[in-house]
Every structure is written in structure tokens, then in C-alpha cells.
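Below is one structure; the comments refer to it alone.
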Amino acid sequence: MTLCAVDSARALACRDGHAAATLKLISMFVIFFTSVVGISAPVMLARVFHGKPLYDKAILIIKCFAAGVILSTSLVHVLPDAYDALADCQVSSHHPWKDFPFSGLITLIGVLTALLVDLTATSHVDGYSHGHVHGSKEVTAYTRIGDSEDVRKSVVEIEVVEAGEERRRLKDEEEMVKMKQRMVSQVLEIGIIFHSVIIGVTMGMSQNQCTIKPLVAALAFHQIFEGMGLGGCIAQAGFKFGTTAYMCLMFSVTTPMGIMLGMILFSITGYDDSNPNALILEGLLGSLSSGILIYMGLVDLIALDFFHNKLMSSETWLKKASFLALVLGSTSMSILALWA
């Protein structure tokens with residue numbers, strides 16, 4: 001209880017609703033601009049350099065940087081914040097929050113939820129692939145039987161059909177990879193949107209100008225790096241222009257909208273970011289978001305690229321460059337934890 005009293009005294013010294021509201025309005029425009037820059041940069045670069053000799057390698061390195069950013073976001077930013085929210089003395093001194101590590105449990109639920117979505121999407125993609133393969137086999141069998149009168153003509157036509165089948169098979173494989181990449185990008189954006197809403201609402205409800213001031217600059221850089229991470233995945237997935245624009249817009253407006261929602265909630269309920277109910281909601285949603293991002297970062301980004309990518313396994317220098325990009329992304333996002 002003494003610790004709670006000390007924290008309350010510090011918060012009261014910095015509490016200024018008018019100054020906090022001004023800072024929050026400024027932060028909405030700053031964060032929107034930096035979010036647009038962050039997520040648009042890899043998407044625009046991918047469109048400019050599409051078809052160039054180093055395009056695929058550059059996209060892979062950007063995606064590895066993105067994986068580092070996402071993994072660091074989940075482990076260094078989101079999960080500790082969620083744990084701190086549920087460990088706050090106003091929450092942890094009451095049942096059932098003091099009896100069980102709920103942040104770890106909800107993180108586990110987030111991981112299992114992401115796995116379930118991944119399995120469902122993968123089984124759908126596999127079913128799509130098998131349907132196309134069976135159709136190709138039927139065409140081959142029909143061609144071999146129907147053209148048996150003229151052997152030479154039959155051989156030529158069978159070779160043409162087999163060549164067509166090979167092209168279709170390669171096209172189907174490419175389509176499967178694209179479908180997987182699109183699914184990863186969409187689930188990843190859901191996890192990031194959870195995280196962005198939590199950040200925005202927490203800032204919007206806060207009346208502590210001492211907390212908000214350093215957060216504005218830190219979140220601006222945070223959104224740039226996180227936007228680059230998501231933008232790299234969107235660029236590789238090859239969405240149509242409309243879908244790409246929609247995903248970029250959703251990422252860019254989520255945190256400013258969260259800030260606005262937090263301000264509205266404070267004006268209606270009087271709850272600020274230190275209210276026990278707000279802390280519980282922040283802790284639960286943050287833990288769920290962390291679980292989703294941890295799974296996506298480790299399984300669908302890092303493991304997929306480093307162990308199941310033909311381009312990565314064929315060139316040693318690319319593997320080294322990708323690992324350095326992964327470390328750079330993780331380090332850049334981790335350093336920001338000093339301020340946000």
C-alpha cells in the first residue's frame with residue numbers, strides 16, 4: 001500500500017488534463033504520419049524494384065528485419081507491459097489476480113489461437129492444391145489413351161501436356177506460397193492492431209503529462225519500425241493495390257483512433273490509465289496480442305524463411321545478411337523500450 005501511495009503522489013504532481021489533451025492531439029497527427037511512412041516505405045520500394053535482379057533477395061532481407069521487429073515488439077514491449085498492468089498493486093492485491101499468473105496464461109491462449117488459425121488456413125491451402133493436382137492427372141490419362149492411333153503424334157502431345165502440367169504445378173506452388181504469405185500478413189496485422197489499440201487507449205486515458213511527453217517521440221519511432229515490419233510482409237505477400245492500401249490505412253489509423261477512444265472513455269467514465277479496470281483490460285489484451293505476435297514471429301516468419309526458403313539455403317551470404325537484418329530489427333525495437 002505504501003508503494004501505491006508513492007505512485008499516486010508522483011502521478012498527482014504531473015496530472016494536468018489540459019496539457020495532456022494538447023499533447024495527445026499533437027501525438028495523433030505525429031503518430032499517423034510516422035505510421036504511414038513506416039508501412040508505406042517497404043511497400044513502395046517493393047513496387048519500384050519489382051522484377052529487378054535483386055528484388056527477391058531484398059524482400060527476404062526486409063522480411064527478416066520485420067521478423068526481428070515483431071519478435072522484439074512481443075517480448076520486450078507488449079508482454080512486459082501486460083505483466084506490469086496485471087501486477088500493479090491496485091490489481092494484484094485482489095482475487096483472482098494475485099492467485100494466478102494470468103498474463104502467461106493469456107499469452108499461451110494467444111499462441112494456441114494463432115496456431116489454430118495457421119492450421120485451418122494451411123489445411124484450406126492444401127485442399128486447394130490437391131484439387132488442382134487430381135485435375136491434372138485426369139487430363140494426362142485421357143491424352144495417353146485417346147491418341148494411341150498415331151504414336152508420334154501421341155508422344156508429342158503427351159510431352160506438351162506434361163510440360164503444361166509442370167507449369168501448372170509450379171504455378172500452383174507459387175499460389176500456395178502467396179496464399180500462406182497473405183494469411184501470415186493478415187493474422188500479423190490483427191496482432192499488431194490489438195497492440196496499437198492498447199497503446200492508443202492507454203495514452204488517451206492518461207492525464208499524466210510527464211508520461212505522455214516522452215511517449216510521443218518514442219511511439220513515433222515505434223510506429224516507423226513496426227510499420228516497416230508489417231509493410232515488409234505485405235510487400236512479399238503480393239496483395240492487390242486496394243487490399244494493400246486498406247491494410248496500410250488500418251495500421252496507420254489504429255493508434256490515433258485508440259487515442260481518441262481513450263479520451264472519449266475518460267470523458268464518459270472518468271477512468272484514467274491507472275484505474276484497476278483499465279489495467280486489467282490492458283493486461284489481458286496485451287497478453288493475447290503478445291502470444292499472437294510471438295507465434296507469428298517465430299513460426300511464420302523466422303522458421304519459415306531460415307529453414308524452408310530455397311533462396312536462403314542456396315546462398316550463404318544471403319543467410320548471413322538475413323540474420324544480421326533479424327538482429328538489427330530486434331535491437332532497434334528493443335532500444336526503444338528505454339522510452340516506450
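The values are calculated or read from the model by the stated rules, or taken from the named source; none is laboratory data. Not measured: the values here are computed from a predicted model. A quick note on method: Cβ atoms are made from the backbone with ideal geometry, for glycine too, and the neighbour counts reach across all protein chains shown. These accessible areas exclude ligands, DNA and RNA; they are computed on the full protein's heavy atoms, side chains included. Shrake-Rupley method; radii C 1.70, N 1.55, O 1.52, S 1.80 Å.
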Some residue of the range 56-73 being open to solvent by less than 10 Å² (accessible area, probe 1.4 Å), among the polar types (S, T, N, Q) and out of contact with any strand residue (DSSP E or B) (no Cβ under 9 Å at 6 or more places or on another chain): yes
Selection from the range 29-42 of residues that are surrounded by fewer than 22 Cβ atoms within 10 Å (Cβ to Cβ) and either out of contact with any Leu (no Cβ under 9 Å at 6 or more places or on another chain) or free of Cβ contacts under 8 Å to residues at least 40 places away in the same chain (or both): Phe29, Phe32, Phe33, Val37, Ser40, Ala41
Hits in the range 204-218 (condition: modelled with pLDDT under 85 and open to solvent by less than 10 Å² (accessible area, probe 1.4 Å)): Ser206, Ile212, Ala218
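Listed residues Ala67, Ala82; which is among the aliphatic types (A, V, I, L, M), assigned to a helix (DSSP H, G or I), farther than 17 Å from Leu285 by Cα and under 22 Å from the mean Cα position of the chain (by Cα)? Let's see the steps before the verdict.
On the way: Ala82 fails: farther than 17 Å from Leu285 by Cα.
Going through Ala67, Ala82 in turn, just one is among the aliphatic types (A, V, I, L, M), assigned to a helix (DSSP H, G or I), farther than 17 Å from Leu285 by Cα and under 22 Å from the mean Cα position of the chain (by Cα): Ala67.
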Helices (runs of 4 or more DSSP H) completely within the range 243-340 that count 2 or more residues being under 23 Å from the mean Cα position of the chain (by Cα) and either surrounded by fewer than 17 Cβ atoms within 10 Å (Cβ to Cβ) or of a type in the set (Ser, Thr, Tyr) (or both): 276-295, 304-308, 316-335
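Working only within the range 84-101, note down all residues that are closer than 24 Å to Tyr271 by Cα and open to solvent by 50 Å² or more (accessible area, probe 1.4 Å).
Asp84, Gln90, Ser93, His94, His95, Pro96, Trp97, Lys98, listed by residue number.
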